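Peer 1: Below is a structure I'd like to ask you about.
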Amino acid sequence: MLFAGGRRDLESLKLGMVTFDRVRYAAAPAVVREAADSCIRLHGKRRRIDTHRSTLDDDRLPKYARDYIEAVANANGLLPDDLNRDVSQLLATAGVFAQGLLVFAGLFVANPGEEYFECPRCSRIHLHRSGGVCSECHELLGPARRIGIDDQNVEIDYYRWLATSAGPIFRLNCAELTGQTDKLLARDRQRLFQNIAVPPEEPLTDNIDLLSVTTTMEAGVDIGSLLAVMMANMPPMRFNYQQRVGRAGRRGAPLSLALTLCRGRSHDDYYFQRLERITADPPPPPYVDTARPQILQRVLAKEVLRQAFSELNLFADSAGDSVHGEFGTADAWNQPPANPPAGYVGVNVSDFIQGWITGHAQSVAAIYDALVVGTRLAGNQGARNGALAWIATSLVPQITAATTDPSLVQEGLSERLANRGILPMFGFPTRVRLLYHKAPTGFPLRHIVDRDLELAVSMFAPGAETVKERTIHTAIGVAHYRRQGHLAVLDANPLGPQVRIGLCGNCQNVDTANPDAPFCQVCGQPAGAGERDYRAVDLRQPKGFVSYFTKARDYDGVFDFVPRAARPKVGRPPFAMHHHLNFEIGSGPGRLHVINDNGGNLFHFSPPQPGSQTLIDVDAANPFA
């Protein structure tokens, strides 16, 4: 509140100003006192306070404060070094500045007085002369103005009205509830939002009045009925809008409110002009592709594996929760099971499954026939023969290849097969990567933010910032915690295995077959170090990301998010290409690459100390040094 963002801080609202003990140190020259007050404000607006950050080793004022003091010195005919020394000494002696930060316990709040100064360039309000210079843009301040006389519209300011004239104090406890909120915390917030407090919680203070949520709340999250719903932009489709506004008006209250803020975008504009489209459009008919063999083949593979694993009683005691099925780990596929059936000691799991498929050809055919009922593949004998032959001869070898593929880092076999396209990708994407913003101690994991891998390579890349719980976390490296009993221990290889690929800056080709070729196999661009040259790179798929644990800072409405990943690239397809006129065309499965090369500069990882299993990017960590 004292140093709020924008024009909402105490001084901008002309309600008071943060200062030092003016009574004890009234003998200091006026320009020194005014410059000291503005330096306090500059530090507070940047959250350089000992309640928000750890102390620094530098007792000097930061550069932005020294630049302001230099402008004040020039405006008053003083030497910048002398004024900087006097201001620093006053702040230190008054006990409000030490080790590079404001000391909150030494700060005072002064009444606004009768005059104020407004910057003619940026309109920043000062309740003192500020050495004749604006503390924000260093413009010379104009003459003093009188509060309540020269600013007759001062009471129109909404935040000033809230602070002075809004009536009795009322509670408005706001909390975040999104997909990245820790599960235990999310349950408590859902309960407190419904006014259910459990001792030692206090109903007068702990119950939540306002939830700030994302689209995660559309799907089955119990937050009760609402009196009001506010949307920060127009939802993408009609059913999204109805799902959200339908939460309001269920408490039997005589009035409920659903408010949508339309931003200046074409999508919002379109529906603002056509309200009936977003409220009453007929739902689009569902579309199901029943003629594509690849879809049928994946579902067939899953049912065959389910029956085989179930009949052989493999991993029956697995306590996993994968949406793709419980088929053990990828490492266990090429090993004998812990509790093999009688007579199968020493036989690998893969051999078990191949033997079951070979001996149950009729069962596999029955599964296929049941799946094609009512589809456009029914009666297609060629598709039937091809699918059954693939199950009999190719399924197990392809699974084995997936378990040894260094580009797949998932531990669960079913999850790995879903990412390879052998099993269907049911439900939400499972290629999730975690950003750890505090070292976990056990499972279930807490203090994490998750994103799908395709987004994580940008949003969690070293240097990128993520907001969670009103706090900004800056990613600086990679780390991964794996389960060991009930404990979370660091993985020795958080970057994952190396995959060598060739990247062409000229045609964007990705070459996985011959990455160290002297030139691009598509456009002929020679290898080199230039931006448009062909080059071989060491590609990794990080298992997890880590932020600077002790350097998180308060979110004040502004943060720097730097997406770095390039656009998705498809390598030269392995399927046959057919020449037509002046181009070639072909179809089939291929691999999509989303590569973050740090704008061509690559990332340079190293352990923060010898033996560490966390890897830090040197450039991202330097600003925190």
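Peer 1: For Arg433, are the conditions met, namely being in contact with a Phe, Trp or Tyr (Cβ under 7 Å, 6 or more places away or on another chain), at pLDDT below 90 and either under 30 Å from Tyr548 (Cβ atoms) or not assigned by TED's automatic domain parsing to the domain that holds Val467 (or both)?
Peer 2: Yes: the conditions hold for Arg433.
Peer 1: Restricted to the range 53-75, and to residues that are touching a residue at least 40 places away in the same chain (Cβ under 8 Å) and out of contact with any Leu (no Cβ under 8 Å at 6 or more places or on another chain), which residue is surrounded by the fewest Cβ atoms within 10 Å (Cβ to Cβ)?
Peer 2: Result: Asp57.
Peer 1: Let me ask something else. Residues of the range 505-544 being of a type in the set (A, V, I, L, M, F, W, C) and either in a loop (DSSP other than H, G, I, E, B) or within 29 Å of the chain's Cα centre (by Cα) (or both), which ones?
Peer 2: Cys507, Val510, Ala513, Ala517, Cys520, Val522, Cys523, Ala529, Val537, Leu539
Peer 1: When you look at Thr403, is it in contact with a Lys or Arg (Cβ under 9 Å, 6 or more places away or on another chain) and hydroxyl-bearing (Ser, Thr, Tyr), yes or no?
Peer 2: Taking the combined requirement at face value, the residue satisfies it.
Peer 1: Out of (1) at negative phi; (2) at pLDDT below 85; (3) touching a Phe, Trp or Tyr at 6+ places or on another chain (Cβ under 6 Å), what's the single condition that is false for Arg470?
Peer 2: The one condition Arg470 does not meet is (1).
Peer 1: Between Cys520, Cys507, which is within 18 Å of Val570 (Cβ to Cβ) and modelled with pLDDT under 85?
Peer 2: Of the residues listed, the single one that is within 18 Å of Val570 (Cβ to Cβ) and modelled with pLDDT under 85 is Cys507.
Peer 1: For the range 15-71, enumerate the residues that are in contact with a Lys or Arg (Cβ under 7 Å, 6 or more places away or on another chain) and either at positive phi or in a helix (DSSP H, G or I) (or both).
Peer 2: Scanning the range 15-71 gives Glu34, Arg47.
Peer 1: Can you pull out the residues in the range 125-184 that are acidic (Asp, Glu) and closer than 30 Å to Lys63 by Cβ?
Peer 2: Glu136, Glu139
Peer 1: Checking the structure you have, find out if any residue of the range 158-180 is outside any loop (DSSP other than H, G, I, E, B), loosely packed, with under 12 Cβ neighbours inside 10 Å and either without any contact (Cβ under 8 Å) to a residue 24 or more places away in the chain or in contact with a helix residue (DSSP H, G or I) (Cβ under 7 Å, 6 or more places away or on another chain) (or both).
Peer 2: Within the range 158-180 (the criterion being outside any loop (DSSP other than H, G, I, E, B), loosely packed, with under 12 Cβ neighbours inside 10 Å and either without any contact (Cβ under 8 Å) to a residue 24 or more places away in the chain or in contact with a helix residue (DSSP H, G or I) (Cβ under 7 Å, 6 or more places away or on another chain) (or both)), the answer is yes, since at least one residue qualifies.
Peer 1: Determine whether Ala387 is under 24 Å from Phe327 (Cβ atoms), surrounded by fewer than 13 Cβ atoms within 10 Å (Cβ to Cβ) and either in contact (Cβ under 8 Å) with a residue 60 or more places away in the chain or hydrophobic (A, V, I, L, M, F, W, C) (or both).
Peer 2: Taking the combined requirement at face value, the residue does not satisfy it.
Peer 1: For the range 404-416, indicate whether the set of residues that are closer than 30 Å to Ala552 by Cα, surrounded by fewer than 16 Cβ atoms within 10 Å (Cβ to Cβ) and in contact with a strand residue (DSSP E or B) (Cβ under 9 Å, 6 or more places away or on another chain) is non-empty.
Peer 2: No, that holds for no residue.
Peer 1: Filter the range 77-96 down to residues that are surrounded by 15 or more Cβ atoms within 10 Å (Cβ to Cβ) and over 43 Å from the mean Cα position of the chain (by Cα), then give me how many there are.
Peer 2: The qualifying residues number 4.
Peer 1: Pick from the range 230-252 the residues that are touching a Leu at 6+ places or on another chain (Cβ under 6 Å) and in a loop (DSSP other than H, G, I, E, B): which of them is modelled with the highest pLDDT?
Peer 2: Ala232
Peer 1: Go through the residues of the range 201-211 one by one and say whether even a single one is part of a loop (DSSP other than H, G, I, E, B) and either within 26 Å of Leu434 (Cβ to Cβ) or among the β-branched types (Val, Ile, Thr) (or both).
Peer 2: Looking through the range 201-211, at least one residue is part of a loop (DSSP other than H, G, I, E, B) and either within 26 Å of Leu434 (Cβ to Cβ) or among the β-branched types (Val, Ile, Thr) (or both).
Peer 1: Could you list, in sequence order, the residues of the range 198-229 that are of a type in the set (A, V, I, L, M, F, W, C), modelled with pLDDT of 85 or more and loosely packed, with under 15 Cβ neighbours inside 10 Å?
Peer 2: Once the filter is applied, which keeps residues that are of a type in the set (A, V, I, L, M, F, W, C), modelled with pLDDT of 85 or more and loosely packed, with under 15 Cβ neighbours inside 10 Å, the range 198-229 yields Val198, Leu204, Leu210, Ala228.
Peer 1: Okay, next question. So, Glu34, is that one under 13 Å from His128 (Cβ atoms) and not assigned by TED's automatic domain parsing to the domain that holds His128 or not?
Peer 2: no
Peer 1: Ok, one more. If a residue has to be of a type outside the set (Gly, Ala, Ser), surrounded by 12 or more Cβ atoms within 10 Å (Cβ to Cβ) and either in contact with a Phe, Trp or Tyr (Cβ under 8 Å, 6 or more places away or on another chain) or farther than 16 Å from Asn419 by Cα (or both) to count, how many in the range 588-601 make the cut?
Peer 2: Looking only at that region, the number is 4.
Peer 1: Could you please find all residues in the range 438-476 being in contact with a strand residue (DSSP E or B) (Cβ under 6 Å, 6 or more places away or on another chain) and closer than 20 Å to Asp619 by Cβ?
Peer 2: Ala456, Met459, Phe460, Pro462, Ala464, Glu465, Thr466, Ile472, His473, Thr474, Ala475, Ile476
The values are calculated or read from the model by the stated rules, or taken from the named source; none is laboratory data. Please read these numbers as outputs of a predicted model, since none were measured by experiment. As a convention, Cβ positions derive from the backbone with ideal geometry for all residues, glycine included, and neighbour counts pool all protein chains shown.
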